1. For region 318-367, name all the residues that are without any contact (Cβ under 8 Å) to a residue 12 or more places away in the chain and over 30 Å from residue 71 (Cβ atoms).
2. Determine which single condition residue 461 fails, assuming it passes every other condition in (1) surrounded by fewer than 21 Cβ atoms within 10 Å (Cβ to Cβ); (2) under 27 Å from residue 282 (Cβ atoms).
3. Could you grab me the full set of residues in region 71-104 that are surrounded by fewer than 23 Cβ atoms within 10 Å (Cβ to Cβ), touching a helix residue (DSSP H, G or I) at 6+ places or on another chain (Cβ under 7 Å) and touching a residue at least 24 places away in the same chain (Cβ under 8 Å)?
4. Would you check if residue 100 is modelled with pLDDT under 95 and either within 18 Å of the chain's Cα centre (by Cα) or assigned by TED's automatic domain parsing to the domain that holds residue 264 (or both)?
5. Suppose we filter 55, 41, 104, 96 for residues that are part of a loop (DSSP other than H, G, I, E, B) and away from the ligand (no atom under 16 Å from the Cβ); which single one remains?
6. Examine region 24-35 for a residue that is more than 30 Å from residue 202 (Cα to Cα), touching a residue at least 40 places away in the same chain (Cβ under 8 Å) and assigned to a loop (DSSP other than H, G, I, E, B), and state whether such a residue exists.
7. Would you check if residue 413 is assigned to a loop (DSSP other than H, G, I, E, B), within 29 Å of the chain's Cα centre (by Cα) and either without any contact (Cβ under 8 Å) to a residue 24 or more places away in the chain or assigned by TED's automatic domain parsing to the domain that holds residue 462 (or both)?
8. Can you confirm whether residue 177 is over 12 Å from residue 427 (Cβ atoms) and buried (at least 21 other Cβ atoms within 10 Å of the Cβ)?
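The values are calculated or read from the model by the stated rules, or taken from the named source; none is laboratory data. What you see is a predicted model, and the numbers here were worked out from it, not measured in a lab. Cβ placement follows ideal geometry from the backbone for every residue including glycine, while neighbour counts extend to all protein chains displayed.
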Ligand code: HEM
């Protein structure tokens, strides 16, 4: 079989790809060896900055199919008809560790979904947890610093992890979740996904609803104990990647059923919990789950770097009928992601195939131009300013979603507390929902970490949070920590 000719990047044939050109047989190398120079220079540039969080991830394509009518709540076109299918790309991830970490670790998992809709890409960038550690984005960089590798020791430090939580009582709910059985999913297929934040849906009449998304795994929930995970992480650091890749290659396509909780806008002011507080759930008894559709993953990416590493999701990518809520964390994220992409991937990241709005007829149409890696030749006489007197694209005058109500004065305010809001009530409820066995594993997991903390005051502050959540919970964690510290 005759092979095609190897070429340089400019397309010239390569004569020798095994021996560098030298001055004489044993002499120094020649700068005229284009193949050598190009290979070494390109190799030096093979890595881009990893994501500052959620660095390790796996992705797959698939589709979302509507199974139930939700047109009374949103006029989003991709949700407009039972049976309507939309292509999606989903990237799963761990959060805290760097690219070289392991999959089987105790950590939230990212669940970042891109719907390629005909009205633009809709990104729902969630986690496998319904809540989060903090409720104000100004705390996010400090939170992440405390959970990632310490700049001096170069490793994750229990002192930092628990010191941050000692100062963040609002984290108690999510800490309880993370230290429980679901804190280490067996694989990406065996966990649920959540939008986590409250978002806004608007229907065709302009009526606003607030919505929480729940993707329930159809594979069933499977988790690993701390010991099982430690063993697996050592044997196969890429265990989640292996599982997802192989399942899809075998034709065993993972799927999730999407449910939503919906709250009419008029009910937000008097709900017992602040509905825009990311550290809280809406109990299903208050707002039941309502089925919307089915998400299926059925195609592996051809190239992990091009499609998974370079995937860019932004919570600010909405489509008509869907918008933000006043959740402060969400508001912070509306800025942070596209800013991260401009740094990590460059201003033209939306031109990459995985990120481009491929279902929009004719692609994106706007007056943004140029910059590094510009590919979007816009036609010879297309104007690059707007408004113009020519036939360039024009605004619709129709906002994507309903306006949000505001009142009061500017200031650095804490999130408003509703009648049942405190930092501990839902952590206690979660603890009491657990079986006795689950509680025992939770206590052991917390004590295993907290007992390694060097300062007593940090331990005591954390113990106070568990006591406040539930007296039994507090007593048991305290006894387990003391027993380990006295060893
Ligand atoms: C104010 C709070 C937050 C900030 C400032 C923030 C910021 C970031 C940044 C800068 C990235 C890296 C993006 C990239 O380089 O591609 C990221 C990734 C991610 N974040 Fe957040 N984040 C916040 C909270 C959250 C929350 C609450 C969730 C889940 C509910 C979440 C889920 C994710 C996911 C899933 C990814 C990975 C996306 C991907 O697969 O590419 N983040 N975040």
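1. 339, 342
2. (2)
3. Correct list: 86, 96, 102.
4. Details: modelled with pLDDT under 95: yes; either within 18 Å of the chain's Cα centre (by Cα) or assigned by TED's automatic domain parsing to the domain that holds residue 264 (or both): yes.
Judged against the criteria, residue 100 is a match.
5. Testing whether each residue is part of a loop (DSSP other than H, G, I, E, B) and away from the ligand (no atom under 16 Å from the Cβ) leaves just 104.
6. no
7. When the stated conditions are applied, residue 413 passes them.
8. no
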